Every structure is written in structure tokens, then in C-alpha cells.
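Reviewing the structure listed below.
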Amino acid sequence: MGKIIKVYCEGKRGSHDYDILEKVIDGIDISIEPIKGKRGANAIMDFKEGGTVKSDFYCMFRDRDFDCRVPEEERLTFDENKTYYSYRTTIENYLFDTELFLKFINEKGQNATYRANNENDVKNIFIETAKEIKDYQAVRHTLGELRFPNSFDTTWIEGGSGHLPPKLDLDACKAEGWKLINSVLIESGTKWTESKFQSTLEGFLKLFDEDFFTQQKFLIYFQGKDFAKALTKRLPGFPVNEYYKFSKRNFDYRKFGDLVELRKLLEAKK
């Protein structure tokens, strides 16, 4: 009898996490166990693995979503709770690809309200879209780096990721971000200075320079749902959910070093 290997993930069957993992483990006898959200994931895994049928190896695969900093090199990040974090900020980040995006637009035909003649056109659309949310993303990363357990979120927008603030300029985002931190600090009795917030923010703004956009590093760093929302504003009528399905059907995990690393890790456990 072969070893029982199980990978837990966020979402449910048919979610981006699940579908991408299916591509990663294709051809290996490994089961995927979706557990909806990341809250209480360790307790859920402990409960499920405490039954009569125990896995020979199990782990959680999830996106980092501002919970830990993006590493300088493309790799998985592992913590002591049997959790592997993706290299990219969110699972949606893996689905935006200039080549696939162009193929999708071409399949939609001339009746579509959006156009792209070549892959360079798509790249320019992506870059201009990402620049619109640059300051908001810098503040979100700053909040993610500074927050402590059960403190503040990385956005002040009702609905969370995938909903953009009415004002995306740096001053407005800074003001709202500091307000979010300061209210929690006052309640918790923690003393911080605004200069800590400012210096951390400046670090991300420096990182998000022109070269960052030219190399499309925003597809690594920026929150994928936020990018998708900004994209639909730039391309009115663009069916992003249809695109997600198309991208997943044509997904090649071998393009991503961290997913290749995950595949090899799981293969080694069999």
C-alpha cells in the first residue's frame, strides 16, 4: 500500500487554490483537502490527522497574502506549523500571464470591447493598471509588515481584497493606513511613532520603481484580487471570471519555481 500524502489548502473544490494544486500534483497519488479559510487551519489539520487514518505526510499550501514578506528569490517559505507559503502574494497572481491573456482576448473575437494586438500590448495594459494601485499596494504591504497578531487588517475598505478605495493617491492611502494602525495602537496601549510607518512605507515605494514595473514584478507583489479589480476598470466589460477559468485550464505550474519546488517535495515523500 502506498504512502498517504495529503495537501491542505484554502477554499473549496473548484477554487483557485484547489485547481492550481491539481495541476501541481498531476500524476502523483496525493489527495487535496480544502478547508475553506486560513483561520484555524492548524487546529483543523490536527483534528483531521488525529483520526484513525493518519497521513504519512501532510502539509498546508497557501498564499502569503501580506502575512509574511515576499522573499528575494523565488521559493517556498516554510513555517513550523507544516505550512508552505507560495512565493507570490496571492493565488490569483499565478493566473495573470501576458501570453494567456492575449490568447483569451483573441478567442473572444472582434465583438469584445477590449483589444490587444500582441503580447507587448498586454504587458503595457498590465503595467499601467498596476501603476494605478501602486500607492495602495505599498500601504497594504506596510500594514502587513507592521501588524501583530489580532491587530489590524491590511486594508480599510469594506469587503477587503478585490475592492479598491475611492482615492488611490499616496496621501489618501497613507492617511487611511495610519488611521487603521493608530486606532489599534491606542486601544492596545502599544506605543509607536508615525515615523516607523513612514520609513517602512518608503521602503516599499522605493522597491516599486520603474524597473519593478518593466519586469512585471507587480505580478509577484501586488494583491491579485486588487489587480484584477483595477484591470476590469481599465477594460470595461472584461469577464475576469471567464479569464480565470481559461487561465486555469491552460495553467503550467512549471513556469513557477516555487510550484516546481512543491511538486518535487511531494514526490520525494511518496
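The values are calculated or read from the model by the stated rules, or taken from the named source; none is laboratory data. Keep in mind that this is a model prediction, so the values were computed, not measured. Backbone-built Cβ (ideal geometry, glycine too); neighbour counts: all protein chains shown. These accessible areas exclude ligands, DNA and RNA; they are computed on the full protein's heavy atoms, side chains included. Shrake-Rupley method; radii C 1.70, N 1.55, O 1.52, S 1.80 Å.
The table that follows gives values for the structure above.
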| read-out | value |
| --- | --- |
| Region 6-52, residues that are under 18 Å from residue 251 (Cα atoms) and assigned to a loop (DSSP other than H, G, I, E, B) | 13, 14, 15, 25, 26, 27, 28 |
| Matching residues, region 241-259, being out of contact with any Phe, Trp or Tyr (no Cβ under 6 Å at 6 or more places or on another chain) and either closer than 26 Å to residue 5 by Cα or open to solvent by less than 40 Å² (accessible area, probe 1.4 Å) (or both) | 244, 247, 248, 249, 250, 251, 252, 253, 254, 255, 256, 257 |
| Residue pairs meeting the criteria (Cβ under 8 Å; at least 6 apart or on separate chains; first in a helix (DSSP H, G or I), in region 241-269; second small (Gly, Ala, Ser)) | 258/86; 259/86 |
| Some residue of region 194-201 being among the small types (Gly, Ala, Ser), at pLDDT below 90 and either more than 23 Å from residue 93 (Cβ to Cβ) or buried (at least 19 other Cβ atoms within 10 Å of the Cβ) (or both) | yes |
| Any chance residue 58 is of a type in the set (Ser, Thr, Tyr), closer than 22 Å to residue 269 by Cα and open to solvent by less than 20 Å² (accessible area, probe 1.4 Å) | no |
| Residues within region 86-100 that are more than 14 Å from residue 20 (Cβ to Cβ) and crowded, with 18+ Cβ neighbours inside 10 Å, tallied | 2 |
| Every pair of residues 6+ apart whose Cβ atoms lie under 7 Å, when the first sits in region 101-120 and is open to solvent by 80 Å² or more (accessible area, probe 1.4 Å) while the second is modelled with pLDDT of 80 or more and assigned to a helix (DSSP H, G or I) | 119/98; 119/99; 119/102 |
| Filtered residues of region 214-233 (kept if part of a helix (DSSP H, G or I) and within 16 Å of residue 70 (Cβ to Cβ)) | 218, 219, 220, 221, 224, 226, 227 |
| Residue check for residue 262: modelled with pLDDT of 95 or more, buried (at least 17 other Cβ atoms within 10 Å of the Cβ) and not hydroxyl-bearing (Ser, Thr, Tyr) | yes |
